[in-house]
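The values are calculated or read from the model by the stated rules, or taken from the named source; none is laboratory data. These numbers were taken from a predicted model, which means no experiment stands behind them. Cβ: placed from backbone, ideal geometry, glycine included. Neighbour counts: every protein chain shown. All accessible areas refer to the heavy atoms of the entire protein, side chains included, with ligands and DNA or RNA removed. Shrake-Rupley method; radii C 1.70, N 1.55, O 1.52, S 1.80 Å.
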Amino acid sequence: MKPGIIIKFNIIMQKRKQDIPNKSQVSFKETVQLSLRGFRVWRRENPGLLLSVLICGIVSALAPYADIWLLARLLDEIAGGRDPQMLTAYAMALLGTSAIFSLLCAGLTRWKNVQLAYLWHTQNKVFIEKLLSMDFADVDDSHVQELRSRIWQNTDSGGWGLYKLIYSFDAVIRSVMCMISAILLTASLFRLPVTTDSGGLTILNHPVFILLMIAVMSGVTFAAPLLSVKANFYWVKYADENQLGNRLFGFWLGDLGNDRSKALDVRIYRQDILSRNNLKKYNPFIPTSKLAKASRGAMGGYQALSGAVSQLFVGAAYIFVCLKALGGAFGVGSIVQYVSAVTALSGGLSMLIEALGDLRNNTSFLRTVFEFLDMPNKMDQGDMAVGQNSCKGFAIEFCNVSFRYPGQENYALRNVSMTFHAGQKMAVVGRNGSGKTTFIKLLCRLYDPTEGKILLNGIDIRKYNYYEYMQLFSVVFQDFKLLSFGLGQNVAGAMSIDSAKAEQCLRDAGFGMRLVKLPHGLSTALYKNFDENGVDISGGEAQKIALARALYKDAPLMILDEPTAALDPVAEFEVYNRMNDMIGNKTAVFISHRLSSCRFCQDIAVFHGGRLVQRGSHDALVHDKSGMYYKLWNAQAQYYESENESSR
């Protein structure tokens, strides 16, 4: 990992800190608004999740208090009348209640855990659906990629964001029910007086002392969770550094170790990439990092003080209850009831305050989530049916089109004007960075032009239904991807397959000989991610499968961006020999660095510096010695001569 990358990342972090409101500026109103909105997301995506957490939280919080009350009555009877019938009744009630609540809690917990098992996948589904519905220009934007990374890192590092809402909701439900039950059991603690012959203990009956005791216990109860919330705030404060560490270690120890496509390079250069110095230098969790220093300092101090204050409350509760029992206010059974209930009341209140504090801390992370989910689509989706204007075939026209990528000063395309018609086969050539792939992205409407228009049969393509327009194209992109599913599913781009059609497309793409050797034909899994019997395929074989996928879609316009770049010259020659038969009467656009592969096209467009500089047939262009095509052709002349000899 180069230091420059880290410097760049830190610059981004500093800019983001300037753009985002300070964490301490989180208002109660904003916390409520964003949290409620997050709950609505969960309710929409998985209604059973919130319901299971609610019901399970209520029952599990109430269950101990029935046991506490019955146990107190049993102990009072043992210490008092010792009536066998009452003892038996209390014992049976205690056992029966415990059994019923245990079974009920077990069943409800099982239900809740099943719902929680979908938590990660449901959250991923929300973000993936957003990505799939976004304009490609936004998906490709660095700011969107940064937002995605921050969301994942926030979830991974501390469960912040949408994730935190579920566990905070669970804590709030359990704490509220716990407090309600505890209050019912402790109400008589302050009401029952000590006997008048208890000497100095009669002060416990004085209203001022009772109010003072309630105030002290409440203060201690509030202090403990507030200190814990203060400690947890350091996770928010150092979230940026944590994200950097997770991203670097995810790359070093996850991506590099698991990504098979990087395996060779990692083994050659691992001494530099995976050096201990790098791992140590950029590790935010080592003793010298900010988070570690905070843990040893203020953060750890707040957490330790929170625990100490909690124990002070427990001690105060024990002393107060035991003194009242010593003064004859109640019996030994009530000691168990009150100590348990008061301690539980304090624990419930602490849990509630801590959960509310977590919700407040979580607000800054929810900002990031909803900044991502609220990104609007800026591209016009259109409403005109493509079929309404296709009776005469397809004619596509670029009218003085210029394009500049977001955030870039220089134009990738400049003043491009050209027309091509149905059934035409056009090759697009030029050096790297000349604008060829940008031209294709605009044609497919992955981006809209910065200036000018693209017309389909004389109508601006922005007026057509976006989804219908996309169905016009079968594309093999230069950086195409195959998935670790069955071969047939990769060709069909779907789970259901027309087997005969898929096999024919694979044969047309030159994959026929390999297909007959596969153990399970179209059902053979590609790669071993999900199937240990999956097959590994070469780059050339992958390119043939991608070509077969384009043929399978059977769209009227085919676009092939370097469709044979991974093939050897012989295999490439065989593919192009069959290209006319494969494509038939479809409109086709080819992008290639190997100019010999473009000779079967009637029309060749030459791009240079983002402009269309030449257009014509191979014979016309190759004889124009002042043109770019002539220079490109002659730069590869030796390759073409050897290819011509092999093709004779």
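Convert each backbone phi in segment 141-152 into a coupling constant with the Karplus relation 6.51 cos²θ - 1.76 cosθ + 1.60 (shift: θ = phi - 60°), then list the ³J(HN,Hα) values in order as whole Hz, x for Gly and Pro.
These are the phi-based 3J(HN,Hα) values: 7, 5, 5, 5, 4, 5, 4, 4, 4, 4, 4, 5 Hz.
Using the Karplus equation 6.51 cos²θ - 1.76 cosθ + 1.60 (θ = phi - 60°), what ³J(HN,Hα) coupling, rounded to whole Hz, does each residue of segment 453-459 give in order, writing x for Gly and Pro?
So the Karplus estimates, Gly and Pro as x, are 9, 10, 10, 10, 6, x, 10 Hz.
For segment 323-428, what class follows from the C-alpha gyration tensor (a ≥ b ≥ c being the square roots of its eigenvalues): rounded when a/c is under 1.5, otherwise prolate if a/b is larger than b/c, else oblate?
Prolate, because a/c is 1.5 or more and a/b exceeds b/c.
At R0 = 56 Å, how high is the FRET efficiency between Phe209 and Glu30 if r is their beta carbon distance? Nearest 0.05 is fine.
After rounding to 0.05, the efficiency reads 0.85.
Which of the pairs Lys130/Lys528; Lys453/Lys586; Lys553/Lys586; Lys453/Lys553; Lys481/Lys544 have their Cα atoms more than 18 Å apart in this structure? Working shown, then result.
Working: Lys130/Lys528 29 Å; Lys453/Lys586 23 Å; Lys553/Lys586 12 Å; Lys453/Lys553 27 Å; Lys481/Lys544 12 Å.
Going by Cα-Cα distance, Lys130/Lys528; Lys453/Lys586; Lys453/Lys553 fall outside the 18 Å limit.
If R₀ is 60 angstrom, what is the calculated FRET efficiency for the pair Asp83 and His520, using the beta carbon separation as r and rounding to 0.05?
Efficiency, from the Cβ-Cβ distance: 0.20.
Shape verdict for segment 407-474, please, from the Cα gyration tensor: rounded (a/c under 1.5), prolate (a/b greater than b/c) or oblate.
Judged from the Cα gyration tensor, segment 407-474 comes out oblate (a/c at least 1.5, b/c at or above a/b).
Taking a ≥ b ≥ c as the square roots of the eigenvalues of the Cα gyration tensor of segment 354-414, is the shape rounded (a/c under 1.5), prolate (a/b larger than b/c) or oblate?
Oblate, since a/c reaches 1.5 and b/c is not below a/b.
Order these peptides, 581-589, 330-338, by their mean beta-carbon neighbour count within 10 angstrom, highest first.
Top of the packing list down: 330-338, 581-589.
For a quick check: with amide H placed at 1.01 Å from N, whose amide H comes under 5 Å from Asp135's, ignoring anything fewer than 5 positions away on the same chain?
Amide H to amide H, under 5 Å and 5 or more residues apart or across chains, Asp135 pairs with Lys378.
Below 15 angstrom from the Cβ of Lys625, what's the summed charge of the other residues (Lys, Arg +1; Asp, Glu -1)?
-1
What FRET efficiency would be calculated for the residue pair Asn529, Lys631, taking the C-beta separation as r and a Förster radius of 45 Å, to the nearest 0.05?
0.50
Mind listing the long-range amide H neighbours of Gln614? Cut-off is under 5 Å, sequence gap 5 or more, other chains count too, H placed in the peptide plane at 1.01 Å from N.
Those lying under 5 Å, H to H, from Gln614 are Val606.
Would you please put 84-90, 395-401, 625-631 in order of how densely packed they are, using the mean number of other Cβ atoms within 10 angstrom per residue and starting with the highest? Please report the intermediate quantities before stating the final value.
Working: 84-90: 13.4, 395-401: 17.7, 625-631: 15.1.
Taking the mean over residues of other Cβ atoms within 10 Å, the ranking is 395-401, 625-631, 84-90.
Provide Ser496, Ser198 ordered by accessible surface of protein heavy atoms (probe 1.4 Å), highest first.
Largest accessible area first, the list is Ser496, Ser198.
When the dipole is taken about the Cα centre of segment 39-171, and only Lys, Arg (+1) and Asp, Glu (-1) are charged at their Cβ, what size is it in debye, to the nearest 20?
So the dipole magnitude of segment 39-171 works out to roughly 240 debye.
Kindly rank 553-561, 350-358 from highest to lowest mean number of other beta carbons found within 10 Å of each residue.
Averaged packing, sorted descending, gives the order 350-358, 553-561.
Roughly how many Å² is the accessible area per residue of segment 77-166, as a whole number, for a 1.4 Å probe? Before the final figure, lay out the partial values.
On the way: 4750 Å² over 90 residues.
Spelled out: the 1.4 Å probe surface of segment 77-166, per residue, equals 53 Å².
Let me check I've understood the local charge: for Lys125, count other residues with C-beta under 13 angstrom from its C-beta, Lys and Arg +1, Asp and Glu -1. What total comes out?
Once positives and negatives cancel, what remains is 0.
Tell me, what % of the accessible area of segment 380-501 is carbon and sulfur with a 1.4 angstrom probe?
After summing per-atom areas, the C and S share lands at 48 percent.
Whose amide H sits under 5 Å from the amide H of Thr450, counting only residues 5 or more places off or on another chain, with H placed in the peptide plane?
Here the answer is Ser402, Phe403, Arg404, since their amide H atoms fall under 5 Å of that of Thr450.
With θ taken as phi - 60° and the coefficients 6.51, -1.76 and 1.60, list the Karplus ³J(HN,Hα) couplings across segment 57-69 in order, rounded to whole Hz; mark glycine and proline as x.
Running phi through 6.51 cos²θ - 1.76 cosθ + 1.60 with θ = phi - 60° gives x, 5, 5, 5, 6, 7, 3, x, 6, 5, 5, 4, 5 Hz.
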